[in-house]
């Protein structure tokens, strides 16, 4: 999972892997059920969505919502002195699911979100209804992670974050792979023998402190 403490230990790879880890079968079933229902996005190319849009912005949602979670943790720890959030761990694909709920609610407010095959929610209210619903049925689920997905989702839907295309998606994926491998090596999680991380400081030069 992703926590502020592990991020300080250079476990930046967890921003990616935490999105694909789940705390329980119920948590996984909820996310997969919601994601299946959100598959309608792939068929809405006529309103600017579609398969490419879905793939591009899913990648963006994973990264940005993870970074936002860490940013919120930092504010809670540094500004509000809530050290409890140093060890709070966020896991699950919910950040992406909530992001897509939010985007669809803004782009296609007449849609319905089907959960578990019997629960139908108006998509316009689904992000916040699901936020409350998951907090009740899966108390261990990360409220901040879900909220981060909603915030990033609105940023995409309202055009504050835009311009993703094949070029930027491939470039971003390449950088993600590089940072992923680098953080695995630096944190000591996995030893890539062919990679050596050299210090950027020269011990022969005098150090300057401020």
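The values are calculated or read from the model by the stated rules, or taken from the named source; none is laboratory data. Predicted model only: the values in this text are computed from it and were never measured. Here the Cβ is made from the backbone with ideal geometry for all residues, glycine too, and neighbour counts use every protein chain on show.
Tabulated data for the structure shown
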item: Subset of the stretch 86-111 (residues that are surrounded by fewer than 18 Cβ atoms within 10 Å (Cβ to Cβ) and either touching a residue at least 60 places away in the same chain (Cβ under 8 Å) or within 21 Å of residue 23 (Cα to Cα) (or both)); result: 86, 87, 89, 107, 108
item: Failed item in (1) part of a loop (DSSP other than H, G, I, E, B); (2) surrounded by fewer than 19 Cβ atoms within 10 Å (Cβ to Cβ); (3) on the phi < 0 side of the Ramachandran plot, with residue 49 passing the rest; result: (2)
item: Filter result for residue 15 (under 17 Å from the mean Cα position of the chain (by Cα), on the phi < 0 side of the Ramachandran plot and outside any helix (DSSP H, G or I)); result: no
item: Qualifying positions in the stretch 143-171 - out of contact with any helix residue (DSSP H, G or I) (no Cβ under 6 Å at 6 or more places or on another chain) and more than 16 Å from residue 101 (Cβ to Cβ); result: 159, 160, 162, 163, 165, 166, 167, 168, 170, 171
item: Single condition residue 28 does not satisfy, out of (1) modelled with pLDDT under 95; (2) over 14 Å from residue 144 (Cα atoms); (3) surrounded by 17 or more Cβ atoms within 10 Å (Cβ to Cβ); (4) within 18 Å of the chain's Cα centre (by Cα); result: (3)
item: Qualifying residue in the stretch 98-105 (condition: more than 23 Å from residue 121 (Cα to Cα), part of a helix (DSSP H, G or I) and touching a helix residue (DSSP H, G or I) at 6+ places or on another chain (Cβ under 9 Å)); result: no
item: Residue identified as over 12 Å from residue 96 (Cβ atoms), touching a residue at least 12 places away in the same chain (Cβ under 8 Å), in contact with a helix residue (DSSP H, G or I) (Cβ under 7 Å, 6 or more places away or on another chain) and surrounded by fewer than 20 Cβ atoms within 10 Å (Cβ to Cβ) among 72, 40, 23; result: 72
item: Residue list for the stretch 78-97, restricted to those being more than 20 Å from residue 42 (Cα to Cα) and part of a helix (DSSP H, G or I); result: 78, 83, 84, 85, 86
item: So residue 58, is it surrounded by 20 or more Cβ atoms within 10 Å (Cβ to Cβ), in contact (Cβ under 8 Å) with a residue 24 or more places away in the chain and out of contact with any strand residue (DSSP E or B) (no Cβ under 7 Å at 6 or more places or on another chain); result: no
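Residues checked against (1) in contact with a strand residue (DSSP E or B) (Cβ under 9 Å, 6 or more places away or on another chain); (2) in contact (Cβ under 8 Å) with a residue 12 or more places away in the chain; (3) within 23 Å of residue 7 (Cβ to Cβ); (4) buried (at least 22 other Cβ atoms within 10 Å of the Cβ):
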residue	(1), (2), (3), (4)
129	yes, no, no, no
135	no, no, no, no
152	no, yes, yes, yes
166	no, yes, no, no
178	no, no, yes, no
182	no, yes, yes, no
185	no, yes, yes, no
188	no, no, yes, no
